[in-house]
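Below is one structure, written out as structure tokens, with a few remarks after it.
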Amino acid sequence: MAPPSYPPSSADTAIAGPSSYTHDIHHDARSIDVYSLPKVNLPEALDTSNRPDEWKIEQGMAGHKLPILDQTGTDTIHIYPTKPPKLVKDEEAINSVGDRNKLFARELEGWKGYVEWEKYPEKKAKAHKILTSQTFTPSPEYMFGPIPDTNPVLTGEDFKEWHHALGGELASVPEDSWKTVLREKHPDMLHLLQFPYNGEPPKRLVTSKVITPNPLHFVRNHGGIPLIDKDKWSLTLDGLVNHPKTYTLEDLKDEHKFPRMERTVTMQCSGTRRIEQISLYGGQGDEVPQAPWAEGAIGTARYVGISLKKVIKDCGGLIKPAKHLELYGAETYVKDLEVMNYVVSVPWSKVKANEVILTWEMNGEPLPKIHGYPLRVVVLGYIGARSVKWLYRIKAIENPSLAPVQSREYLYFNQQVGKYNQRPTDGIQIQEMPVSSAIMSPITKQVVIHSGKIRCKGWAYSGGGRWPERVELSADGGFTWYDIPPEKLSKKGKWLWRTWEMDLPCDAEGWIEIVCRCWDNALNTQPLNVRAAWNWGLHVTSSAHRISVYSVNRTRPVTRKRLDKYDQLGIPLAPLTRYEIVKSQTDEEYQEYWKTHEPRDVDE
Ligand SMILES: Nc1nc2c(c(=O)[nH]1)N[C@H]1C(S)=C(S)[C@@H](COP(=O)(O)O)O[C@H]1N2
Ligand SMILES: [Mo]
């Protein structure tokens with residue numbers, strides 16, 4: 001068989017790479033931009049059939065470019081990745097659907113960006129026809145190749161195009177949504193996905209306060225951000241209740257009817273720390289349900305509102321066989337080119353326990369628009385996905401919602417249920433997060449100069465109303481563990497994370513692995529490695545958080561001597577991997593040593 005040849009590539013022959021490093025120690029390391037390396041021009045015609053990224057592909061750094069090996073027959077067949085087809089658009093089919101400005105008009109005055117889908121199956125079908133009569137920019141590969149070094153990291157072109165294609169009320173939603181982000185969020189937010197907006201604070205700000213300031217609270221959206229006038233807003237409770245009713249915000253704020261509830265609550269997205277699973281193995285690949293979160297998709301706020309249970313009572317209670325409450329969010333979500341509102345459900349048992357709050361206030365302010373203004377649900381101790389924002393309807397139903405976010409997403413699959421044989425019913429619906437924790441400082445690959453103790457910071461959390469009872473750190477990869485002293489942990493609370501700090505004893509010099517794990521009040525703890533809990537949906541990364549840190553230990557005499565020498569010479573520390581010719585021993589010291597030690601070789 002002829003050797004496989006790669007599809008022809010029109011590769012740029014200029015590659016970036018270092019020509020030679022200077023070994024001159026007198027350079028000021030701060031003035032060297034380690035990221036801009038000299039360009040090297042290769043000869044025009046190289047006598048090779050390799051593509052220029054061959055080496056990278058062979059090293060597993062671009063898994064998405066590798067051919068699939070089909071070994072089902074006697075010969076191995078190489079199936080190469082194909083380029084995405086050209087974008088097409090069937091104008092005639094699209095126009096036959098009708099006037100999009102009329103079809104997808106604003107549902108209610110004062111509700112910008114809200115299109116009602118769940119009440120109108122024909123409208124859904126028309127939107128589906130428009131979306132399936134054309135193709136869209138595919139979402140980029142970000143699990144096997146390099147993740148873009150931009151902020152926003154991913155832009156969500158497909159989602160923007162779907163909104164633009166549907167037009168009507170949705171035409172300006174992507175742009176409006178980004179404006180709201182810039183208005184309401186902290187300038188230092190890490191924007192993982194521009195639209196639908198998904199963003200988290202950088203590590204140094206995740207645990208800087210026990211209560212997360214609103215501009216720094218992570219945001220996880222499946223669609224746009226509806227801009228709703230609170231005086232025009234209403235909430236309808238229907239389905240299996242005795243007296244269906246519609247409430248204004250004023251109705252719900254009537255303290256004679258609905259006693260106020262105030263709770264400080266930690267909300268965690270089940271995708272928190274997903275990047276650790278991605279860096280191990282790729283999984284279900286749509287960037288919207290699968291945003292590449294680090295440790296910041298968790299935040300804590302004080303919410304004011306009322307118990308959903310009281311509102312259901314006010315509607316005369318549930319009618320048999322109601323057992324679940326379906327919660328409707330006003331924005332448009334597109335999944336598999338079907339359009340819908342954001343819908344999930346919570347069981348009645350959770351509502352009955354007064355653990356489902358309808359809230360209009362976050363940290364003493366009206367709910368920010370990006371967090372669900374004018375009213376959202378907060379489900380205590382459940383994953384964030386159940387805490388519906390821009391709530392407009394609650395429907396009492398018999399079984400958990402069939403809406404895709406409830407029935408087809410937020411599922412925890414067995415490791416071996418892969419792409420080609422997974423069924424939603426094989427997954428466990430994720431409800432309460434298990435116990436987890438994360439180190440916010442130092443950062444993996446960081447160099448830390450210390451005097452025997454490394455200052456560490458982070459958080460710990462457990463779902464379902466359990467709380468961190470003990471947090472432990474290891475400086476040797478998880479062999480020996482040190483308790484974080486109780487006074488170095490923030491106060492415990494039933495629905496709360498605990499932030500912590502600790503000076504972790506570290507005797508070693510060189511690369512170490514710092515590990516963090518938590519025990520909750522039910523003595524649950526974390527799996528020790530990512531693989532043990534890796535899952536196809538890349539959810540619930542709850543394994544002990546591991547970071548690699550280079551320890552420079554000043555308590556070691558040789559280290560101290562060398563550091564002092566740098567100090568004397570006024571030489572700043574250079575990046576770890578750069579060669580330095582600062583001599584660690586003078587010729588005299590070297591010779592002195594051999595006077596009193598046995599030589600390298602043995603004489604007869
Ligand atoms: N209407 C609506 N509610 C929603 C979502 C959404 O996309 N739309 N995302 C959910 C998810 S997955 C999470 S983790 C939380 C995040 O809440 P936050 O953006 O206020 O931090 O909101 C939940 N409620
Ligand atoms: Mo989430």
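The values are calculated or read from the model by the stated rules, or taken from the named source; none is laboratory data. Please read all numbers here as calculations on a predicted model, not as lab measurements. Backbone-built Cβ (ideal geometry, glycine too); neighbour counts: all protein chains shown.
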Practice task
Could you tell me which residue of the range 212-256 is nearest to Asp158 (Cα to Cα), considering only residues that are out of contact with any Gly (no Cβ under 7 Å at 6 or more places or on another chain) and aromatic (Phe, Trp, Tyr)?
Solution key: Trp233
Problem - Candidate set from the range 207-224 (those that are of a type in the set (Gly, Ala, Ser) and crowded, with 19+ Cβ neighbours inside 10 Å); member that is nearest to ligand 1 (Cβ to nearest atom) - result: Gly223
Problem - Residue tally, condition modelled with pLDDT under 90 and polar (S, T, N, Q), over the range 549-585 - result: 2
Practice task
Pick out the one residue from Val378, Val388 that is aliphatic (A, V, I, L, M), part of a loop (DSSP other than H, G, I, E, B), in contact (Cβ under 8 Å) with a residue 24 or more places away in the chain and within 15 Å of ligand 2 (Cβ to nearest atom).
Solution key: Val388
Practice task
Name every residue in the range 359-375 that is assigned to a strand (DSSP E or B) and more than 13 Å from ligand 1 (Cβ to nearest atom), in order of residue number.
Solution key: Trp360, Glu361, Glu365, Pro366
Exercise for the section: Could you identify the single residue in Thr248, Thr264 that is surrounded by 14 or more Cβ atoms within 10 Å (Cβ to Cβ), within 30 Å of Ser441 (Cβ to Cβ) and not basic (Lys, Arg)? Expected result: Thr264
Handout entry: Number of the condition not met by Leu569 [criteria: (1) surrounded by fewer than 12 Cβ atoms within 10 Å (Cβ to Cβ); (2) of a type in the set (A, V, I, L, M); (3) in contact with a Lys or Arg (Cβ under 6 Å, 6 or more places away or on another chain)]
Key = (3)
Practice task
Please specify each residue of the range 201-213 satisfying the condition of being touching a strand residue (DSSP E or B) at 6+ places or on another chain (Cβ under 6 Å), part of a helix (DSSP H, G or I) and not β-branched (Val, Ile, Thr).
Solution key: Lys203
Practice task
Could you tell me whether any residue of the range 234-242 is among the β-branched types (Val, Ile, Thr), more than 15 Å from ligand 2 (Cβ to nearest atom) and in contact with a helix residue (DSSP H, G or I) (Cβ under 9 Å, 6 or more places away or on another chain)?
Solution key: yes
Practice task
Considering each of Leu411, Leu367 in turn, give the residue that is of a type outside the set (Asp, Glu), buried (at least 23 other Cβ atoms within 10 Å of the Cβ) and either out of contact with any helix residue (DSSP H, G or I) (no Cβ under 8 Å at 6 or more places or on another chain) or under 23 Å from Asp254 (Cα atoms) (or both).
Solution key: Leu367
Practice task
Could you give me the residue pairs with C-beta distances under 9 Å whose first residue belongs to the range 263-279 and is touching a residue at least 24 places away in the same chain (Cβ under 8 Å) and closer than 18 Å to Ala385 by Cα, whose second residue is of a type in the set (D, E, K, R) and within 10 Å of ligand 2 (Cβ to nearest atom) wherever it lies, and which are 6+ apart or on separate chains?
Solution key: Cys269/Arg220; Gly271/Arg220
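Condition check ((1) within 16 Å of ligand 2 (Cβ to nearest atom); (2) small (Gly, Ala, Ser)) across all residues:
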{"site": "Asp286", "(1), (2)": "yes, no"}
{"site": "Glu295", "(1), (2)": "yes, no"}
{"site": "Ala301", "(1), (2)": "yes, yes"}
{"site": "Ser307", "(1), (2)": "no, yes"}
{"site": "Leu318", "(1), (2)": "no, no"}
{"site": "Leu325", "(1), (2)": "no, no"}
{"site": "Leu337", "(1), (2)": "no, no"}
Practice task
Inspect the range 555-578 for any residue being within 23 Å of Ile484 (Cα to Cα) and part of a loop (DSSP other than H, G, I, E, B) and give the result as yes or no.
Solution key: yes
Problem - Boolean, Val115 is hydrophobic (A, V, I, L, M, F, W, C), farther than 30 Å from Trp233 by Cα and modelled with pLDDT of 95 or more - result: no
Exercise for the section: Could you list, in sequence order, all residues of the range 340-375 that are more than 16 Å from ligand 2 (Cβ to nearest atom) and of a type in the set (Ser, Thr, Tyr)? Expected result: Ser349, Thr359, Tyr373
Exercise for the section: Answer yes or no: is there a residue in the range 125-143 that is buried (at least 16 other Cβ atoms within 10 Å of the Cβ), within 27 Å of Ile225 (Cβ to Cβ) and acidic (Asp, Glu). Expected result: no
Handout entry: Conditions (1) within 13 Å of ligand 1 (Cβ to nearest atom); (2) more than 20 Å from Gly464 (Cβ to Cβ): number failed by Leu402
Key = (1)
Practice task
Return yes or no: is Val582 surrounded by 10 or more Cβ atoms within 10 Å (Cβ to Cβ) and in contact with a Phe, Trp or Tyr (Cβ under 9 Å, 6 or more places away or on another chain)?
Solution key: yes
Practice task
State all residues of the range 185-200 that are assigned to a loop (DSSP other than H, G, I, E, B) and within 11 Å of ligand 1 (Cβ to nearest atom); if no residue qualifies, say none.
Solution key: Lys185, Pro196, Tyr197
Problem - Unmet criterion (only one of (1) closer than 30 Å to Ser462 by Cα; (2) touching a Pro at 6+ places or on another chain (Cβ under 8 Å)) for Pro527 - result: (2)
Practice task
Filter the range 392-405 down to residues that are surrounded by 22 or more Cβ atoms within 10 Å (Cβ to Cβ) and within 16 Å of ligand 2 (Cβ to nearest atom), then give me how many there are.
Solution key: 1
Completion exercise
Here, helices (runs of 4 or more DSSP H) confined to the range 39-141 with at least 3 residues that are within 30 Å of Ala171 (Cβ to Cβ) are 91-96, 100-103, 121-132
Practice task
Can you tell me which residue among Ala297, Ala330 is within 12 Å of ligand 1 (Cβ to nearest atom), modelled with pLDDT of 95 or more, buried (at least 22 other Cβ atoms within 10 Å of the Cβ) and within 13 Å of the chain's Cα centre (by Cα)?
Solution key: Ala297
